[in-house]
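Where a number appears in this text, it was derived from the coordinates with a stated rule and is not lab data. Quick caveat: nothing in here was measured; it's all calculated off a predicted structure. Please note: Cβ atoms are built from the backbone with ideal geometry, for glycine as well, and neighbour counts cover all protein chains shown.
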Amino acid sequence: MLDLAAPLLASCCSFRRDHQLDLKPFRTLVRAKPARVRESVTPPSYLRVMRILHTSDWHLGRSFGDHRLIDDQAQFLDWLVQVAKAEAVDLLVIAGDLYDRSVPPADAVELFHATLRRCSEAGIEVAAIAGNHDSAERVGSLDGLMLPGLLMRGGYRHASDVTVRHFSDGPLAIVALPFLDPAFAPTDLSPTGRATHETVLREAIGQAQNTVAAGVRTLAIAHAFVTGAEPSDSERTLAVGDAAMVSSSVFDGFDYVALGHLHRAQIVGGDERVRYCGAPLAYSFGETAQKEVVLIELDDDGDARSKPIPIDVGRRVATVRGTLEQLLGDRANLNDWVRVELTNEHPVADAHRRLRDHFPHLVEIVRCARPTAPANRLTASAVRERSTDELVRDFMQTVDSDVDPEDIELAVATLRRVERDAL
């Protein structure tokens with residue numbers, strides 16, 4: 001076989017030398033990157049681009065009304081790990097508010113640690129930051145201690161650090177910026193003396209960007225309220241008025257910015273590289289939009305493409321309105337978290353218990369009807385002229401027009417006995 005190939009190879013080389021064949025166009029074709037299909041985030045099998053899964057605001061340990069959400073949160077995290085595996089994710093990003101409070105319950109901590117272990121076993125690295133609900137010290141203390149490939153940031157201590165991680169297609173510089181309370185800002189991050197949310201964040205980012213090597217793609221993770229974004233009802237206010245807001249220009253220069261704090265998924269300023277993924281579950285009745293996580297492809301040149309993945313676990317929220325009789329006569333809602341707006345003219349006794357079977361996931365009841373004014377409103381002097389028995393009867397009939405007469409007489413007799421004993 002070699003004997004046959006040798007003359008052929010010599011002939012080809014002789015042809016190129018004699019005819020000056022230009023091979024540059026062919027080299028260009030071979031070296032060129034395949035064109036990306038913009039409609040799909042999944043790359044062709046011959047092109048391996050790193051993949052990031054952006055999530056935030058887990059609020060582990062949270063309750064909705066008097067319902068604990070730990071089982072719903074466990075269901076979401078099981079779904080999340082499965083998605084990360086199926087999508088061959090390299091890095092899972094959690095942009096703050098890992099827990100709902102600074103000292104979370106034990107089952108919330110166990111759930112978080114179990115999720116980290118599952119990611120590590122699947123070969124998925126994790127970068128997480130503390131949010132305003134978290135204990136900065138508690139979150140930051142886990143950095144590098146629990147598992148390989150785990151980056152945890154909390155507080156000011158490493159706020160301006162740059163962590164470089166190496167993936168199959170090249171390095172990635174990560175600037176992980178936890179929630180930074182300006183009240184505790186160190187002097188090196190508040191050079192003007194008056195620290196605000198924007199000044200400390202801008203200063204930390206500036207220090208970090210000065211240390212990033214040229215040509216290395218960059219990822220910023222932050223927990224902040226960026227100007228132009230739309231909040232929900234369930235976020236805790238960071239500061240009074242607009243003092244908590246930061247400009248999106250703070251993040252100029254990054255290839256992708258993974259934001260947390262706002263529970264509504266949204267793109268900031270029309271730039272798909274600056275994005276909130278939102279909370280994974282509904283934590284207020286204003287959160288009726290589809291919940292999602294965001295899958296990002298970030299190539300070695302820093303070109304980022306993102307795609308939302310709808311979350312298909314967890315309960316939705318629903319608000320129903322009507323009188324008690326109307327609501328009990330309508331179809332039951334057995335799946336959603338329910339807010340009831342009662343329109344009965346008068347207060348309804350034991351409404352929560354009576355509605356619970358119809359709405360097993362009932363969170364709250366709000367009275368929306370305006371009480372009608374009595375036709376003959378009594379003046380103070382008229383009240384003094386009436387007997388106690390008459391006042392009791394009028395009051396009970398005003399509260400409930402269908403009140404049982406025996407209940408009225410029982411209330412009158414009880415009040416007489418109290419008055420008699422007091423003499």
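What trypsin sites (Lys or Arg not before Pro) does the range 305-370 have in DSSP loop regions with at most 11 other beta carbons within 10 Å?
Arg331
Sort Asp188, Asp255, Asp169 so that the residue with the fewest other Cβ atoms within 10 Å of its own Cβ comes first and the one with the most comes last.
Result, fewest neighbours first: Asp188, Asp169, Asp255.
Less than 20 Å from a label point 7 Å out along the Cα-to-Cβ axis of Leu334: which backbone N atoms in the range 296-326 qualify, by residue?
Of the residues in the range 296-326, 313-320 have backbone N under 20 Å from the label point off Leu334.
Amide H to amide H, which residues 5 or more places from Gly260 or on other chains are under 5 Å from it, using H placed in the peptide plane?
Ala222, His223, Ala224
Can you classify the range 69-191 as rounded, prolate or oblate using the Cα gyration tensor, where a ≥ b ≥ c are the square roots of its eigenvalues, rounded means a/c under 1.5, and otherwise it's prolate if a/b beats b/c and oblate if not?
Cα axes put the range 69-191 in the oblate bin.
Using alpha carbon centroids, what distance separates the range 77-156 and the range 251-273, in Å?
Between the Cα centre of the range 77-156 and that of the range 251-273, the gap is 20 Å.
Express the C-alpha Rg of the range 43-310 as a ratio against the empirical globular expectation 2.2 N^0.38 Å, rounded to two decimals.
So the Cα radius of gyration is 0.94 times the expected 2.2 N^0.38 Å.
Read phi for every residue in the range 278-295 and hand back ³J(HN,Hα) as whole Hz from Karplus 6.51 cos²θ - 1.76 cosθ + 1.60, θ = phi - 60°, with x for Gly and Pro.
x, 6, x, 10, 6, 10, 7, 7, x, 8, 8, 6, 4, 7, 7, 10, 10, 9
In nm, what is the difference between 0.36 nm times the number of residues separating Ile365 and Asp389 and their Cα-Cα distance?
5.4 nm
In what order do Ser232, Ser168, Ser102 fall by count of nearby beta-carbon atoms within 10 Å, going from fewest to most?
Result, fewest neighbours first: Ser168, Ser102, Ser232.
Once phi is turned into θ = phi - 60°, what whole-Hz ³J(HN,Hα) does the Karplus curve with 6.51, -1.76 and 1.60 give for every residue of the range 173-187, x standing for Gly and Pro?
Here the 3J(HN,Hα) series is 8, 10, 10, 9, 10, x, 4, 10, 6, x, 5, 10, 5, x, 5 Hz.
Provide the gained length on full extension for the span Thr211 to Arg416, in nm with one decimal, where the gain is 0.36 nm per separating residue minus the Cα-Cα distance.
Full-extension gain reported as 65.5 nm.
I'd like the Karplus ³J(HN,Hα) series for the range 304-314: coefficients 6.51, -1.76, 1.60, θ = phi - 60°, whole numbers in Hz, and an x wherever there's a Gly or Pro.
Per residue, the Karplus-derived 3J(HN,Hα) values read 9, 10, 10, 8, x, 10, x, 8, 9, 10, x Hz.
Using the number of other C-beta atoms within 10 angstrom as an exposure proxy, rank Leu189, Leu147, Leu262 with the fewest first.
Listing Leu189, Leu147, Leu262 from fewest to most nearby Cβ atoms yields Leu147, Leu189, Leu262.
Stretch His166-Glu406 to full length: gain in nm at 0.36 nm per residue minus the Cα-Cα span?
78.4 nm
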